[in-house]
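Asker: Before anything else, here's the structure in question.
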Amino acid sequence: MYPKIVTLLPAATEIVVALGLGGNLVGRSHECDFPEAVKQLPVCSEANFPDNLSSGEIDVKVKEILADALSVYTVNRDQIKTLAPDVVITQAQCEVCAVSLREVEEALDDYLDKPAQIISLQPNNLDDIFNDIANVATALNVPNTGTILLEELNERVDIVRHKLKYIENKPTVACIEWLEPLMVSGNWVPELVSIAGGTAVLAQAGKHSPYITWDEIREQNPDILIVMPCGFPIERTLREITLLLQQPGFAELKAVKNNRVYMADGNQYFNRPGPRIVDSIEILAEIIHPKQFIFGYEGEGWIKFAL
């Protein structure tokens, strides 16, 4: 008999569904929205700030909340108690990304009428993401399904690697993770850029996303600029793109002059360390080496920004 599962992280929800256990999900976080069917599940968390804030306002609010040792998100204890899960999956990677492990432990401590297993994901690179998938599969008693899923994902990664095996041109790529203040994408994103045939700038693989200055972008003068704010779909990014356009010397950047400025859906792809992280590699491959790859994500997963 498979367990009742509550997931408090979009990537965890996608992992569970990819393992064929979507029917065992009984609750989700307020951010879990893929696949479409999971939106029908009871919501077990909520953000502690309004969802209509600008990038700058979100940054300030999150810093204020964390400085007060409060969580950015709240677990709905009563909802989880009603659902009585056997397994709760959360993460300890970033308190800004999802409900924290600490808060889940506090919410469940002496609260459920039965013991529940807590699985915490903490990926920093692609191997960690794949290991998390394997660990979740094992914990949910479907290790063979996990093995098959990982074989499929690795095969797709290998296809990209193989096609770029003899490509010497590896353009520099700046991936913007936040617009105000400026941040570039760290953790697994520089590795994804490398697999897709580019060279990530201003961030280190496996390290947290750093704050940067606009002068650093100008100094690096990347060949390609990809705007992929954490948690933002493309239409949300478009509403704030003037924050980038108004920066001094923007028009003089190599990426701008060569019409190589793009927007990608950070919310659905790059910020979700689950199975669709391989979709993110394919998106990057389409952007960086358009003559070699057409996977069909353009218009939905990414767009070229018309300057």
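The values are calculated or read from the model by the stated rules, or taken from the named source; none is laboratory data. Quick caveat, the model's predicted, so the values are computed rather than measured. When we count neighbours, we look across all protein chains shown, and the Cβ atoms used for this are built from the backbone with ideal geometry, even at glycine. In case anyone asks, the SASA skips ligands and DNA or RNA and just uses the protein heavy atoms, side chains included. Shrake-Rupley method; radii C 1.70, N 1.55, O 1.52, S 1.80 Å.
Asker: Using the Cα atoms as the points, what is the convex hull volume per residue of region 231-296 in Å³?
Answerer: Details: hull volume 6.4 nm³, N = 66.
Taking the convex hull of the Cα positions in region 231-296, it is 97 Å³ per residue.
Asker: Can you list the residues, at least 5 places off or on another chain, whose amide H is less than 5 Å from the amide H of Ala200, using H built in the peptide plane?
Answerer: When sequence neighbours closer than 5 places are left aside, the close amide H contacts are Val173, Ser194.
Asker: Something else now. Give the Rg (one decimal place) followed by the Dmax (whole number) of region 110-257, computed from C-alpha coordinates and expressed in Å.
Answerer: 19.2, 62
Asker: Got a sec? Charge dipole of region 125-185, +1 on Cβ for Lys and Arg, -1 for Asp and Glu; which of His162, Ala139, Trp178 is way out at the positive end?
Answerer: The one lying farthest along the dipole's positive direction is His162.
Asker: For region 140-157 and region 229-282, what is the separation of their Cα centres, given in Å?
Answerer: Between the Cα centres of region 140-157 and region 229-282 lies a distance of 29 Å.
Asker: Now, a different point. Going by amide H atoms built from the backbone, whose H comes under 5 Å of the H on Leu182, apart from near neighbours?
Answerer: Ile212
Asker: Based on the Cα atoms of region 165-241, what semi-axes does the equivalent ellipsoid have, where each is the square root of 5 times one gyration tensor eigenvalue, given in whole Å with the largest first?
Answerer: 21, 14, 13
Asker: Checking the table Lys257/Lys304; Lys170/Lys291; Lys163/Lys291; Lys163/Lys257 against a 20 Å threshold on Cα-Cα, which pairs fail?
Answerer: Numbers: Lys257/Lys304 13 Å; Lys170/Lys291 14 Å; Lys163/Lys291 11 Å; Lys163/Lys257 28 Å.
Over 20 Å apart, Cα to Cα: Lys163/Lys257.
Asker: Now a separate question. So for region 200-254, what percent of the C-alpha to C-alpha distances run longer than 16 Å?
Answerer: Here the tail beyond 16 Å accounts for 50 percent of pairs.
Asker: Okay, next question. Given region 164-271, what percent of its DSSP beta bridges are antiparallel, to the nearest 5?
Answerer: Bridges in region 164-271 are about 30 percent antiparallel.
Asker: Quantify, in whole percent, the carbon and sulfur part of the accessible surface of region 209-248 (1.4 Å probe; protein heavy atoms only).
Answerer: Carbon and sulfur atoms account for 48 percent of the accessible area of region 209-248.
Asker: If amide H atoms are built 1.01 Å from N in the plane of the peptide, which residues on other chains or at least 5 residues away come under 5 Å of the amide H of Val227?
Answerer: Ile176, Tyr262, Met263, Ala264
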